[in-house]
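The values are calculated or read from the model by the stated rules, or taken from the named source; none is laboratory data. All values reported here derive from a predicted model rather than from experimental measurement. As a convention, Cβ positions derive from the backbone with ideal geometry for all residues, glycine included, and neighbour counts pool all protein chains shown.
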Amino acid sequence: MSIQSGLPADFTPESFDAIVVGAGYAGSVCARRLAEACGMKVAILERRDHIAGNAYDYEDEAGILVHKYGPHIYHTTNERVDQFLSRFTEWTNYQHKVLANIHGTLMPVPFNHKSLKLAFGDEKGERLYQKLVATFGENKKVPIMELREKNDPELSEVADYVFENVFLHYTMKQWGKTPDQIDPSITGRVPVFVGDDDRYFPGAPFQGMPAEGYTKLFENMLEHDLISVFTGVDARDILSVGDSAVTVCGKPYGGEVIYTGPLDELFGSDLGALPYRTLDMVFETLDEDQFQPVGTVNYTTSEDFTRITEFKNMTGQVVPGKTTIMKEYSKAFTPGSDETPYYAILEDQNLELYRRYRDRVAGCLNFHAVGRLAEYRYYDMDGVVASALDLSDELIAQHN
Ligand code: FAD
Ligand code: UDP
């Protein structure tokens, strides 16, 4: 692999078999597979000054490994994804735990057996827990919107408590809407857990942190003679997509183009801007060993920020006397600004707008949109890797 800043004056697109836009998971997985399985020469264009997309991590001034674009915890049930990524890193055994700060009391989220006892007291909490077990079974995940539909006074008491104290204010802060107004799959990511497992991703057989960090994982993935990475390059300056052909540097380009940015941006958002939520992330280094007991504390009844992450608690890094924390403030993304579009807003009219952009590129057979931005999806890392493995399977089949 070579990484260079900017495009050289003699950059010739036709000397590459594929051009990949974006060096996050979607782009890097495709680049590695096309280079490896088909011997294709790949150029990756990345507008940031680093690889790894939103998973990028680096050591801050205090020497603490932080995640620049928000806390990233690897978890998956997909064995193929796990095997692919595990070629490029060892994993720590970190099991992510989150506590909700509910009016000053810290309770496990997903809301579980222990949270019930903390919220309702030992005796009543146990009784309500047994009711949940009798209704749903043990070690079951129950989305809050499903629990709310149950017509039973005791289950309703639990549902009302969890809705009000875990979901309502946090969701208002994160999305500017109540849980009833957003797609139920979103709150369903953090279901009530009928059991004692107090991990944020109960049941995920593969979870942990890359032993040397995410950026190192990407360096290893991109380490291939046929891959060249050009950072600080906005692909829109040289690439345009027409009805049936892609143009790069002013000439028709016949190689494969893999695009992982927002689809509307390619067209100057001329059908309207795809809406996203963005985050202001406020980092702070404190002169203490540890700030909070777990990796992340969600502020579900108070504060303007949604959550605080303490990176040392996730990475296991030992730095005596110092720790770095980060607060997340969510807001609407302003199109055309230098904000980062972090979360697609899964509403019918937005998905319809996305489909109209997607239809526009459908006739361009060598143009492929993949990833969290380009597919306008709420993907975790493993979902993006799975999607990129699928796309690269198709391309490998065509080229071999
Ligand atoms: P990205 O990582 O966004 O990469 C796309 C790249 O394309 C970017 O580097 C961008 O600069 C580049 N690009 C875009 N347009 C252009 C252009 N015109 N020219 C050149 N380059 C361009 N997932 C988990 O599994 N666990 C977690 O704990 C987790 N936490 C998260 C926390 C937050 C706050 C967020 C926002 C996401 C989190 N995710 C998590 C999701 C994870 O970040 C994504 O699924 C994954 O990183 C998306 O990869 P991607 O390649 O699709 O997109
Ligand atoms: N959520 C909530 N309270 C919590 C945790 C999550 O209301 O304590 C809701 C909220 O709407 C959030 C969604 O569940 O956006 C998904 O949470 P997750 O932690 O998966 O969000 P992410 O890490 O992707 O930001």
Starting from region 165-194, keep only residues that are under 23 Å from PHE333 (Cα atoms), then list their pairs with residues that are away from ligand 1 (no atom under 16 Å from the Cβ) and of a type in the set (Gly, Ala, Ser) whose Cβ atoms are within a distance under 9 Å, requiring at least 6 positions of separation or different chains. HIS169/SER302; TYR170/ALA100
Criterion (hydroxyl-bearing (Ser, Thr, Tyr), surrounded by fewer than 16 Cβ atoms within 10 Å (Cβ to Cβ) and not in a loop (DSSP other than H, G, I, E, B)) met by exactly one of TYR357, TYR329: TYR329
Looking at region 341-349, can you tell me whether even one residue there is at pLDDT below 95, over 21 Å from VAL81 (Cβ atoms) and out of contact with any Ser or Thr (no Cβ under 8 Å at 6 or more places or on another chain)? no
Please list, ordered by first then second residue, the pairs with beta carbon atoms under 9 Å, 6 or more apart or interchain, first in region 327-338 and touching a residue at least 12 places away in the same chain (Cβ under 8 Å), second of a type in the set (Val, Ile, Thr) and more than 13 Å from ligand 2 (Cβ to nearest atom). LYS327/VAL282; GLU328/VAL282; TYR329/VAL282; PHE333/THR340
Within region 56-82, count every residue that is outside any strand (DSSP E or B), crowded, with 20+ Cβ neighbours inside 10 Å and among the aromatic types (Phe, Trp, Tyr). 1
Restricting attention to region 30-55, which residues are of a type in the set (A, V, I, L, M), crowded, with 19+ Cβ neighbours inside 10 Å and either at negative phi or within 16 Å of ligand 2 (Cβ to nearest atom) (or both)? ALA31, LEU34, ALA35, MET40, VAL42, ALA43, ILE44, LEU45, ILE51, ALA55
Qualifying positions in region 254-300 - under 23 Å from LEU45 (Cβ atoms) and among the aliphatic types (A, V, I, L, M): VAL257, ILE258, LEU263, LEU266, ALA273, LEU274
If you go through region 70-79 one residue at a time, do you hit one that is over 20 Å from the mean Cα position of the chain (by Cα) and either within 28 Å of ILE325 (Cα to Cα) or more than 10 Å from ligand 1 (Cβ to nearest atom) (or both)? no
Restricting to region 315-324, give me the number of residues that are away from ligand 1 (no atom under 15 Å from the Cβ) and in contact with a Phe, Trp or Tyr (Cβ under 9 Å, 6 or more places away or on another chain). 4
Please state which one of ARG355, ARG377 is within 22 Å of PHE201 (Cβ to Cβ), more than 8 Å from ligand 1 (Cβ to nearest atom) and free of Cβ contacts under 8 Å to residues at least 60 places away in the same chain. ARG377
Can you tell me which residue in region 240-283 is nearest to ligand 2 (Cβ to nearest atom), limited to those that are among the β-branched types (Val, Ile, Thr) and either over 30 Å from THR324 (Cβ atoms) or in contact with a Gly (Cβ under 8 Å, 6 or more places away or on another chain) (or both)? THR260
Looking only at region 289-308, filter to residues that are in a strand (DSSP E or B) and in contact with a helix residue (DSSP H, G or I) (Cβ under 9 Å, 6 or more places away or on another chain); which one of those is farthest from VAL166 (Cα to Cα)? THR296
State yes or no: is THR323 within 14 Å of ligand 2 (Cβ to nearest atom) and among the β-branched types (Val, Ile, Thr)? no
Quick check on region 230-251. Is at least one of its residues in contact with an Asp or Glu (Cβ under 7 Å, 6 or more places away or on another chain) and either assigned to a helix (DSSP H, G or I) or on the phi > 0 side of the Ramachandran plot (or both)? yes
Residue pairs meeting the criteria (Cβ under 7 Å; at least 6 apart or on separate chains; first farther than 10 Å from GLU154 by Cβ, in region 124-140; second part of a helix (DSSP H, G or I)): GLY125/LEU116; GLY125/LYS117; GLY125/ALA119; GLU126/LYS117; TYR129/HIS113; TYR129/LEU116
May I ask you to say which residue of PRO252, PRO184 is surrounded by fewer than 15 Cβ atoms within 10 Å (Cβ to Cβ), farther than 22 Å from SER86 by Cβ and outside the structural domain of VAL142 (by TED's automatic domain parsing)? PRO252
